[in-house]
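Mind looking over this structure? Questions follow.
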Number of protein chains: 2
Amino acid sequence: MTAADPDLLPYEMGLEPGLEPGFDVPALPGASEDEIETPALVVDLDAMEANLRAMAERNAAAGVKLRAHAKSHRSPELALEQIRIGGAIGVCCQKIAEAEAMVRGGVRDVFVTNEIVDPRKMARAARLARQARVIVMCDDARVLADWSAAAISHDVTLEMAVEIDCGTHLCGVDPGEPAADLAARVAATPGLRFAGLQAYHGAAQHIRDADERRAAIEAAADAVRLTLTALEARGLPCPMVGGAGTGSWEFEAASGVWTEMQCGSYLFMDADYQRVAAAEGQGLGAFANSLFLMATVISKRPGRAVCDAGLKVTSLESGPPRIEGVPGARVIGCSDEHGRIEDPEDRLDVGDRVRLIPGHCDPTVNLHAWIVGLRRGRVERLIRVAARGRSL
Amino acid sequence: MTAADPDLLPYEMGLEPGLEPGFDVPALPGASEDEIETPALVVDLDAMEANLRAMAERNAAAGVKLRAHAKSHRSPELALEQIRIGGAIGVCCQKIAEAEAMVRGGVRDVFVTNEIVDPRKMARAARLARQARVIVMCDDARVLADWSAAAISHDVTLEMAVEIDCGTHLCGVDPGEPAADLAARVAATPGLRFAGLQAYHGAAQHIRDADERRAAIEAAADAVRLTLTALEARGLPCPMVGGAGTGSWEFEAASGVWTEMQCGSYLFMDADYQRVAAAEGQGLGAFANSLFLMATVISKRPGRAVCDAGLKVTSLESGPPRIEGVPGARVIGCSDEHGRIEDPEDRLDVGDRVRLIPGHCDPTVNLHAWIVGLRRGRVERLIRVAARGRSL
């Protein structure tokens, strides 16, 4: 009774009814690595758990809290592990539907680190705040009346952070006086409570040079300090300063201004973060790649091969996936369901299985309903990406 | 009882239990366009149906069959419309899980236009062939023994096409003698029947210049003719020549060598095909863009805006989405959940809704569980992307 037997019906395999191996899931618990149907997203559980522990230890040493970013995995199951064994106080989400999925899955402390401007979504956030701690965010005073109405009509007080633009120039109000003005408006709005500052420098995460990355975070820290001074002048306490990602985390943690680290990718890592780590020699070395895309070679010609992993199973916007352990081989592009491999030494042949490291973990995980949890060559469990596609 | 009322429970809204507006679906049937929660994938039903009819008429005029490619929509519902009102004889799929979803949804004629090399997937194909007409494909004689075993053990005769490399240099055997050799091997294998040739020139689809595109297809037609001659010399009838995509279809249809057109994108079109169409002045003009990503501006600063559609709802590998109807505005990039918009004339403000045209429709649709079917400003129905994520 293994995943390799194609003629067993789902209910014969001990899986919940309606989940069919091959059609729905790449493998069953107990299967060997070779029995995983491809293309499949696979996490090495030992490596992932080592990443969890490494981040917990480093945050404890730095005296900062971890609020892990669930957008990387979109899985309540992994969020609960980040809390249970990874030292996290709760999670961040980017979307209210993602936060709803986390709360349904048992998470009790969620910060939606994104602007919400639709009154219907505000009502959903207010409803969610009746079941869990929910922090929301804004960068514009014009949305406060709708937020207030949502909080009041659901009989909750919503914790609201103010986002400052600390260098990425995406969302966020200017640091200093403008941010303090907005915080004062939040504090004065019925139904809302000022929760602190969000200061995430997304653009800094993938800067290759560690010194440049450090300099970007130092400038962001100055922006936060300027804002903290302006808040203090108004007598407004700032209970939290959130931000940081896997790429820059060590600098925010050491700065003394951030209180909550929002790293997500540290759990899995990816080819782009490996390039960041490689560029600086050491740095991100605390975190190992734990996430792989298992693929199979389906066509072979001299000098090249094609595998069954294309852009419907791996996100391409940060470059193609990297192939592991095949000398000379390189993924040079993907179409919908094909990965095109340069194989100058003709190491690959039809039917061979390859491990690919996705270019960017967050959008890649979002393409999968399940992550296969592998430990020492054996499928231990299937991890459900319950918030996959939940961007509403 | 509209989508705008956030406090109704799902079962109060007449939707199937477990589907919650906002959390699961962007809108309910009957909602107005403004009531659709964003980011949402929306199809203009009038435009889509006009595309369906235009393709049906043109194929009829050219005397070729249409076997629409379901990888574009991954929705059995739309596949059935392609068959019912769009003149298709059946569909193509790229993956066996996609084909299984199509057959479960009622489609009875499926060609899996991709190499399958895993015996478990072969067994699934053979099982599927007991319920529907299933055509499979190969480019390597070494897989035939496994295919034969799968067919025999499931007591079916599998129709198998031979893929030739007609210029894309991805999968496919060389045209002419090597292809005819493989076809003869297929024909001689117990449990298999030679179904014809697959000659899809994927790389030609997006060539900007119409004359160059035509030349690429003429070269592909020569490759097919060479192979047909070699088959004839062996006395092997070739019941089908499949290929063509939306970009090059007119040339394959006119060639006299292809018998089945495998267009998919014509249903929706996208920003990249619009660029192909624009580059040649006329050409693809028979098909209008019917697919939009509805998004909302969530943050605004002078000269720029941010909307709530990022790379988790629109595929970026063919360039960022195009924004419609906002003078001067341009999407210059996306992060996970943000679209970054250059807005030099400051036409946009927080809360404004924008329509984006995805860069590439196939992988974008794969990011969504539902497509909102809109007709003249009103949600007519929700179209389920039942095979979303089914790449196994």
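What FRET efficiency would be calculated for the residue pair A:ASP222, A:ARG130, taking the C-beta separation as r and a Förster radius of 41 Å, to the nearest 0.05?
For A:ASP222 and A:ARG130, the calculated efficiency is 0.60.
To the nearest 20 Debye, how big is the dipole of the range A:48-265 about its Cα centre, given +1 on the beta carbon of each Lys and Arg and -1 on that of each Asp and Glu?
Roughly 820 debye for the range A:48-265.
So how far apart, in nm, are the two label points at B:ARG84 and B:ARG193 if each is 7 Å from Cα heading toward Cβ?
So the two model labels end up 2.9 nm from each other.
For B:PRO190, which inter-copy label distances result when the label point lies 7 Å beyond Cα on the Cα-to-Cβ vector, reported in nm to one decimal and in ascending order?
Reported distances to equivalent positions: 8.4 nm.
Quick one: if you stick a label point 7 Å off each Cα along the C-beta vector at B:ALA145 and A:ALA215, how many nm between them?
Once both label points are built, they end up 6.3 nm from each other.
Would you mind telling me which residue in A:GLU250, A:GLU49, A:GLU20 has the biggest mean-square fluctuation in a Gaussian network model of chain A, where springs connect alpha carbons within a distance under 10 angstrom?
Judging by the Gaussian network model, the answer is A:GLU20.
While we're on this one: Counting only Cβ atoms, what residue of chain B lies nearest to the axis that sends chain B onto chain A, and how many whole Å off?
Per the Cβ-to-axis criterion, the result reads B:GLU317, 3.
With a point put 7 Å past each Cα toward its Cβ, work out how far B:ASP155 is from A:LEU236 in nm, to one decimal.
For the pair B:ASP155/A:LEU236, the computed spacing is 7.6 nm.
Which order do A:VAL143, A:VAL354, B:VAL110 fall in if you start with the one that has the fewest other Cβ atoms within 10 Å?
A:VAL143, A:VAL354, B:VAL110
The range A:163-222 to the range B:259-302: how many Å between their Cα centroids?
Each part reduced to its Cα centre gives a spacing of 37 Å.
Using a label position 7 Å from Cα in the Cα→Cβ direction, what is the ascending list of nm distances from A:GLU33 to the same site in the other copies?
Here A:GLU33 shows inter-copy label distances of 5.3 nm.
Stick to the Cα atoms of the range B:208-249, pair each with every other, and give me the Kirkwood hydrodynamic radius in Å at one decimal.
Result for the range B:208-249, one decimal place: 11.6 Å.
If you take the C-alpha gyration tensor of the protein assembly as shown, multiply each eigenvalue by 5 and take the square root, what semi-axes do you get, largest first, in whole Å?
On the way: eigenvalues 427, 167, 115 Å².
Each semi-axis is the square root of five times an eigenvalue, giving 46, 29, 24 Å.
To continue, here is another question. Per the Cauchy relation, a quarter of the hull surface: what is the mean projected area of the convex hull of the alpha carbons in the range A:48-265, in nm²?
Numbers: hull surface 43.3 nm².
Mean shadow area of the hull around the Cα atoms is 10.8 nm².
Using Cβ counts within 10 Å as a stand-in for footprinting exposure, how do B:ILE96, A:ILE207, B:ILE371 rank, fewest first?
On the way: B:ILE96 29, A:ILE207 20, B:ILE371 25.
Ascending Cβ contact count within 10 Å gives the list A:ILE207, B:ILE371, B:ILE96.
Which order results if A:VAL103, B:VAL134, A:VAL91 are arranged by neighbouring Cβ count within 10 Å, fewest first?
Numbers: A:VAL103 19, B:VAL134 27, A:VAL91 30.
Ranked by crowding around the Cβ, least crowded first: A:VAL103, B:VAL134, A:VAL91.
Once the Cα atoms of chain A are picked out, what are the Rg and Dmax in Å?
22.4, 72
Assuming R0 = 45 Å, can you tell me the calculated FRET efficiency for the pair A:ALA50 and B:ALA54, based on Cβ-Cβ distance, to the nearest 0.05?
Efficiency at R0 = 45 Å is approximately 0.20.
Let me ask something additional. Under 18 Å from the 7 Å Cα→Cβ point of B:ASP181, by amide nitrogen: which residues of the range B:228-252?
So the set is B:228-236.
Are there any trypsin sites (Lys or Arg not before Pro) in the range B:329-392 that are in a DSSP loop and have at most 11 other Cβ atoms within 10 Å? List them by number.
B:ARG376
So which GluC sites (Glu not before Pro) in the range B:331-391 end up in coil per DSSP with only 13 or fewer other C-beta atoms within 10 Å?
Values: sites: B:GLU337, B:GLU342, B:GLU345, B:GLU380; in loops: B:GLU337, B:GLU345.
Those satisfying the criteria are B:GLU345.
What are the trypsin sites (Lys or Arg not before Pro) within the range B:77-180 that DSSP puts in a loop, where the Cβ has at most 16 other Cβ atoms within 10 Å?
B:ARG108, B:ARG130
Shortest first, in nm, what separates the label point of B:ASP155 from those of the same position in the other copies (7 Å along Cα→Cβ)?
Copy-to-copy label distances for B:ASP155: 6.5 nm.
What residue among A:ALA62, A:ALA204, A:ALA101 has the largest mean-square fluctuation in a Gaussian network model of chain A, using Cα springs under 10 Å?
So, out of A:ALA62, A:ALA204, A:ALA101, the one fluctuating most is A:ALA62.
Given the options A:GLY325, A:GLY339, A:GLY191, state which has the largest fluctuation in a GNM of chain A using a 10 Å cut-off (strictly under) for Cα springs.
Highest fluctuation of the listed residues: A:GLY325.
From the helices alone, meaning DSSP H stretches of at least four residues, give me the mean residue ellipticity at 222 nm for chain A, per-run term -39500 (n - 2.57), in deg cm²/dmol to the nearest 500.
Value at 222 nm, helices only, nearest 500: -9000 deg cm²/dmol.
Where a number appears in this text, it was derived from the coordinates with a stated rule and is not lab data. As the structure is a prediction and not an experimental result, all values here were calculated from the model. Note: ideal-geometry Cβ built from the backbone for every residue, glycine included; neighbour counts use all protein chains shown.
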